[in-house]
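Participant: Have a look at this one.
The values are calculated or read from the model by the stated rules, or taken from the named source; none is laboratory data. None of these values were measured; they are calculated from a predicted model. For neighbour counting, all protein chains shown are included, and Cβ atoms are generated from backbone atoms with ideal geometry for every residue, glycine included.
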Amino acid sequence: MSQTLLTNATLACIDGTAGYGLRENAALLVDAGRIAWIGSTRDCPVSAATASSSAVAAAGDVEVYDCGGKLVTPGLIDCHTHLVYGGDRADEFEMRLEGASYAEIAEGGGGIVSTVNATRAASVEQLFEQTLPRVLQLMSEGLTTVEIKSGYGLDSEHEMKMLRVAAMIESELGLRVVKTFLGAHALPSEYAGRSDAYIDQVCNEMLPAAHAAGLVDAVDVFIESIAFSVEQGERVFAVAQELGLPVKAHVEQLSDLGGAVMAAQHGALSVDHIEYLQAKDVGHLADNHCVAVLLPGAFYVLREQQLPPLAALREHNVAIALASDSNPGSSPLHSLLLTMNMACTLFRMTPAEALRGITLNGARALGLEQQIGSLEPGKLADLVVWDVDRPAMLSYRIGMNPCVAVMQAGSWRQTVQGVST
Ligand code: NIG
Ligand code: FE
């Protein structure tokens, strides 16, 4: 089928207008993988559409899908994940319940470094097998684009292995995957006490090699007392920018080191976590069109108390994205619906902000807002049909998945009753 027409939909377009960009009784025409037209069902350009009594009918060359009033949103975007890793850290979960902090566990040789050992030990095939159920779980809730970071290899061979697994996820599952190099995630034990030497290695060897292999879409750094300094992050950014790669950063998660301001001033696509970012510094994000990526899963798991500066972000009109931060330590979270609920409950975001956070603003955090993230003519037809009548239902319920169908670049991903995919 070259064209698909959705009729009788409640569209949450998440377009330039405030709120959801809601359109009731709407129709949407998909042509050659892109959204070609949006209007009211009454005016839809395919006459047979309204004549259809079954959910799906063929009208000439056009597949017609009657949404029966269901909600249709843009495909969901998870713009910050660490989905590829070996092993798990359930033992640290138990240690934290007995009083150990995330930073203490990291300093004691656990944390990220323990996942590094398990990731280095796994083959590409084993890593792919372990990653698959995590990704499928996210996909069951309408995920169409995911960012996946390296950062548990911490040498050229194993960082590239992780990025190859991310590329396999894209080719095997037909999901859009953005591959982010995060060599400066933690100091590997072989460089203990020599963090500048490790950053030299990241800048001179690891990043250029991964880039030359075509495995890098963006570059991230973790700026924190348990990771790297602002100056070290700046050195990695300089190399990324020489290679023409966009940058982003984990900053102000556990303390305020000034990483967010530095990243924004380097034109970073996003600064992520930012609980400790001070309201007085938020203007730098606005001035540089830098997206604030909030990660309520890590906030929840680590039982953080410091809230991100939401009022200042709103006041400065900073685009706020949300992501799962799915990783084995601080956020073993595999649900964007739960991420939305947590953002509303823990951060007091509105359901409209939450939905924008995992669609249009997630796209912005990846530099893909011209292609995806909203329902607008010209964009790729990534969309989700939900068995709910209004968008707040997506943030409100906990543990309920109303996803009915997912379209990725114009093709139905899962079988829709009566439609062969
Ligand atoms: O985003 N903050 C640094 N990195 C991850 C945690 C990774 C881990 O604990 O394995 C995060 O929270
Ligand atoms: Fe992270």
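Participant: So which helices (runs of 4 or more DSSP H) stay within segment 255-328 end to end and still have 1 or more residues that are hydroxyl-bearing (S, T, Y)?
Facilitator: Qualifying helices (runs of 4 or more DSSP H): 296-301.
Condition check ((1) surrounded by fewer than 24 Cβ atoms within 10 Å (Cβ to Cβ); (2) within 16 Å of ligand 2 (Cβ to nearest atom); (3) assigned by TED's automatic domain parsing to the domain that holds C203; (4) not β-branched (V, I, T)) across all residues:
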{"site": "V219", "(1), (2), (3), (4)": "no, yes, yes, no"}
{"site": "G233", "(1), (2), (3), (4)": "no, yes, yes, yes"}
{"site": "V251", "(1), (2), (3), (4)": "no, yes, yes, no"}
{"site": "D256", "(1), (2), (3), (4)": "yes, no, yes, yes"}
{"site": "G259", "(1), (2), (3), (4)": "no, yes, yes, yes"}
{"site": "H266", "(1), (2), (3), (4)": "yes, no, yes, yes"}
{"site": "D272", "(1), (2), (3), (4)": "no, yes, yes, yes"}
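Participant: Scan L295, L333 and give me the residue that is within 13 Å of ligand 2 (Cβ to nearest atom), touching a Gly at 6+ places or on another chain (Cβ under 7 Å) and under 19 Å from L394 (Cβ atoms).
Facilitator: The match here is L333.
Participant: Are any residues in segment 310-335 out of contact with any Lys or Arg (no Cβ under 6 Å at 6 or more places or on another chain) and more than 16 Å from ligand 1 (Cβ to nearest atom), and if so, which ones? Talk me through it step by step, then tell me what you get.
Facilitator: Taking segment 310-335 as the starting set, the residues that turn out to be out of contact with any Lys or Arg (no Cβ under 6 Å at 6 or more places or on another chain) are 310-318, 320-327, 330-333, 335.
Residues satisfying the conditions are L310, A311, A312, L313, R314, E315, H316, N317, V318, I320, S335.
Participant: Mind checking which pairs have a first residue in segment 122-142 that is more than 18 Å from A405 (Cβ to Cβ) and in contact (Cβ under 8 Å) with a residue 60 or more places away in the chain and a second that is hydrophobic (A, V, I, L, M, F, W, C) and not in a helix (DSSP H, G or I), Cβ under 6 Å, 6 or more apart or different chains?
Facilitator: From segment 122-142, the pairs are R134/L83.
Participant: Can you find a residue that is buried (at least 24 other Cβ atoms within 10 Å of the Cβ) and within 23 Å of L336 (Cα to Cα) anywhere in segment 182-202?
Facilitator: So far as segment 182-202 goes, yes, one or more of its residues are buried (at least 24 other Cβ atoms within 10 Å of the Cβ) and within 23 Å of L336 (Cα to Cα).
Participant: Sticking with this structure for a sec: Where residues in segment 70-85 are in contact with a Ser or Thr (Cβ under 6 Å, 6 or more places away or on another chain) and not aromatic (F, W, Y), which of them is farthest from ligand 2 (Cβ to nearest atom)?
Facilitator: L71
Participant: When the residues of segment 78-113 are filtered to those that are within 12 Å of ligand 1 (Cβ to nearest atom) and over 24 Å from the mean Cα position of the chain (by Cα), which remaining residue is nearest to A321 (Cα to Cα)?
Facilitator: The selected residue is A103.
Participant: A further question on this structure: Across segment 218-242, which residue is farthest from I199 (Cα to Cα) among those that are assigned to a loop (DSSP other than H, G, I, E, B) and in contact with a strand residue (DSSP E or B) (Cβ under 8 Å, 6 or more places away or on another chain)?
Facilitator: The residue in question is E224.
Participant: If you check every pair at least six apart or on different chains, which have Cβ atoms under 6 Å apart with a residue in segment 178-207 that is more than 15 Å from M160 (Cβ to Cβ) first and a residue that is in a strand (DSSP E or B) second?
Facilitator: Sorted first by the residue in segment 178-207, then by its partner, the pairs are V178/E147; A184/V221; A184/F228.
Participant: Which members of segment 329-351 meet the condition of being of a type outside the set (A, V, I, L, M, F, W, C) and either outside any helix (DSSP H, G or I) or free of Cβ contacts under 8 Å to residues at least 12 places away in the same chain (or both)?
Facilitator: Selection gives G329, S330, S331, P332, H334, S335, T345, R348, T350.
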